[in-house]
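Report on one structure; see the data block that follows.
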Amino acid sequence: MIDDHTADPRVDLLLEQILNSGESPEEACHSCPELLPKVREGLQQLRSDNSLASLPADDRIPVRVDDSITNGSVVPSYPVLQYGHDASGGDAIAGGFVYRGKAIPALRGKYVLGDTTTGRLWWAEFRDMLAVDGSHPPGVAALHELRVSWNGAVHPTLFDIVKAGYHARGGKHPELPGRATLAPNGRVDVRLAVDRDGELYLLTKSDGMIRKVVGVQ
């Protein structure tokens, strides 16, 4: 799940505090008034005409059959993980898997995921994700960044690794082909997969490679 209303984690904590306690934004922000505009923004919903309104106490939404007909309502399930549309996150989640293999004991029981365009990778404890009940107000499990060790160096993302593979296979673009908001120099286009033994693989479209995850440090 992508959440882009702010890059400051304190805002998320204040929003959760307000939803749990019933405090006003002004009360919650008494010690950090500089965050008040972002907190107010986070407590708003976008109407169909692009105007803003306060979030309703009842968060049920209608099931639309077409533009004019509805058929009952549903209560949304909130995310168990999320990252931002900013420098700390990415453009679009590439999906992920709970590692159940035997080759990397340190990864067992952890959910490993990635961002499609930037090639960033993270992990979360699957048990923490299961503990999030998806109700309102939402809570999320902690997300931890993974760095990639390759060819004697540690990389913050897959970008440089995929770039090297792309050029080694005859790629002509000076960086990587394509671009996205947070990948202006080219797209990694990563996906994750597992085999029947539960071992984890990284598939990168930009260089046409499949790489096996063989260990963690």
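Laboratory data are not the source of any read-out in this text; all were calculated from the coordinates shown. The structure presented is a predicted model; accordingly, all values stated were derived computationally and were not measured. Every residue, glycine among them, receives a Cβ derived from its backbone with ideal geometry; neighbour counts consider all protein chains shown.
Just a few scattered comments:
- Counting other Cβ atoms within 10 Å as a rough exposure proxy, the listed residues ASP128, ASP12, ASP197 run ASP197, ASP128, ASP12 from fewest neighbours to most.
- Exposure proxy for GLU26, GLU175: other Cβ atoms within 10 Å of each Cβ, ordered fewest to most, give GLU26, GLU175.
- Difference of contour (0.36 nm per residue) and Cα-Cα distance, GLU125 to ALA87: 11.4 nm
- With each label modelled as a point 7 angstrom along the Cα→C-beta vector, the THR181-ARG40 pair spans 2.4 nm.
- Computed E for SER68/TYR201 - FRET, C-beta separation, R0 41 angstrom, nearest 0.05: 0.30
- PHE97, PHE159 arranged by Cβ crowding within 10 Å, fewest neighbours leading: PHE97, PHE159
- Cα gyration tensor shape of the range 77-178, rounded if a/c is under 1.5, else prolate or oblate by comparing a/b with b/c: oblate
- The phi-based Karplus calculation (6.51 cos²θ - 1.76 cosθ + 1.60; θ = phi - 60°) puts the 3J(HN,Hα) values of the range 119-126 at x, 6, 10, 9, 9, 9, 5, 4 Hz, whole numbers, x for Gly and Pro.
- Gain in span if fully extended, ILE61 to ALA164, counting 0.36 nm per residue against the direct Cα distance: 32.4 nm
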